[in-house]
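Please read the structure below before turning to the comments.
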Amino acid sequence: MRSIDVESDSYLDTRFVVAAAVNGSHHSIAAHQEWLRLVSTRRSVYFSSFLRVEVTQALFRMGANPARLPADVRARYILDRWEHDFLIRHRWMVQGIEAFETLLATFAEVYELPVTTEIWQHSVPIMAHYRLWSIDAVHVATAQMIGIRNFITCDLGFGRVDGLHVILVRDQS
Amino acid sequence: MSLKRQQFDMPVLDDDGFAPPIDEARREALRNDPAVRYYRNPDPASGLLYKPTLRVAFPVEPSELTDDDDPEDSHVFCR
């Protein structure tokens with residue numbers, strides 16, 4: 001018998017995934033709490049395969065701009081040497097990706113969805129209507145085309161999308 | 001050669017642009033769609049456990065980078 005809560009399938013946005021994987025990053029406390037909820041209630045989660053590309057980009061930007069991270073994290077990973085040391089960059093990226101994949105392995109059920117031409121086409125009017133970046137519009141289009149309204153994100157911009165049940169995960173500033 | 005169009009690509013959308021709420025039939029279609037990667041955890045018997053795709057050995061030991069700080073001991077990433 002399935003014990004997965006099929007009534008609350010949720011789509012994961014990149015910023016939530018990064019925040020949940022990297023302690024000390026923006027909104028990581030709230031993201032950790034939401035991650036605990038998703039795992040403990042055995043929610044099924046969905047994401048676009050493009051999220052993988054975005055995760056690596058986010059990790060890279062985080063490492064290149066260590067001001068975004070707490071001082072102890074910057075010191076532990078020696079991120080002040082980011083510009084000059086391949087090994088520093090490589091270690092940060094590899095461990096970040098491993099954390100991301102560890103996160104994926106905690107969810108009861110994971111659907112990784114492809115970016116198709118149809119989704120891309122569907123994303124264009126979403127961009128125009130809601131003034132979203134192309135990648136964000138692809139996430140919305142993917143969720144829409146599989147009939148998922150629960151959308152977990154740290155980004156306020158998705159609140160403009162009609163019919164999307166945005167679960168906003170943000171630390172209090 | 002026939003090209004089977006995936007159900008994934010053919011939803012009927014409502015006025016807000018959404019396909020009908022996902023149901024078990026749709027999930028089953030997704031699980032059977034070769035373009036969709038599906039994982040189920042923690043259920044080793046299913047054979048569908050998520051398998052990390054990246055296993056890159058770090059080229060040097062962390063101790064070669066720093067005398068004191070060992071990121072392997074940290075909890076920055078993995079929870």
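The values are calculated or read from the model by the stated rules, or taken from the named source; none is laboratory data. If you're wondering where the values come from, they're calculated on a predicted model, not measured in any experiment. Reconstructed Cβ throughout: ideal geometry from the backbone, glycine too, with neighbour counts over all protein chains shown.
For residue A:94, work out the one condition from (1) facing chain B (nearest Cβ under 8 Å); (2) over 16 Å from residue A:18 (Cα atoms); (3) of a type in the set (A, V, I, L, M) it doesn't fulfil.
(2)
Based on what the data block shows, is residue A:39 at pLDDT 95 or above, β-branched (Val, Ile, Thr) and surrounded by fewer than 20 Cβ atoms within 10 Å (Cβ to Cβ)?
On the way: at pLDDT 95 or above: no; β-branched (Val, Ile, Thr): yes; surrounded by fewer than 20 Cβ atoms within 10 Å (Cβ to Cβ): yes.
Answer is no for this residue.
Which residues, counting only those in the range A:1-19, are aliphatic (A, V, I, L, M) and either farther than 17 Å from residue A:150 by Cα or at pLDDT below 95 (or both)?
Restricting attention to the range A:1-19, the residues satisfying the condition of being aliphatic (A, V, I, L, M) are A:1, A:4, A:6, A:12, A:17-19.
Scanning the range A:1-19 gives A:1, A:4, A:6, A:18, A:19.
Is it true that some residue in the range A:66-76 is under 28 Å from residue A:133 (Cβ atoms), buried (at least 20 other Cβ atoms within 10 Å of the Cβ) and free of Cβ contacts under 8 Å to residues at least 60 places away in the same chain?
Among the residues of the range A:66-76, at least one is under 28 Å from residue A:133 (Cβ atoms), buried (at least 20 other Cβ atoms within 10 Å of the Cβ) and free of Cβ contacts under 8 Å to residues at least 60 places away in the same chain, which makes the answer yes.
May I ask you to list the residues in the range A:90-126 that are closer than 17 Å to residue A:43 by Cβ and not in a strand (DSSP E or B)? Outline the logic, then answer.
Of the range A:90-126, the ones closer than 17 Å to residue A:43 by Cβ are A:103-113.
Passing the criteria: A:103, A:104, A:105, A:106, A:107, A:108.
When you scan the range A:94-104, do you find a residue that is under 12 Å from the mean Cα position of the chain (by Cα), more than 17 Å from residue A:169 (Cα to Cα) and touching a residue at least 60 places away in the same chain (Cβ under 8 Å), even just one?
Checked the range A:94-104: at least one residue is under 12 Å from the mean Cα position of the chain (by Cα), more than 17 Å from residue A:169 (Cα to Cα) and touching a residue at least 60 places away in the same chain (Cβ under 8 Å).
Cβ-Cβ below 6 Å, separation at least six or inter-chain, first residue in the range B:14-27 and without any contact (Cβ under 8 Å) to a residue 60 or more places away in the chain, second among the charged types (D, E, K, R) and in a loop (DSSP other than H, G, I, E, B): which pairs?
B:16/A:162
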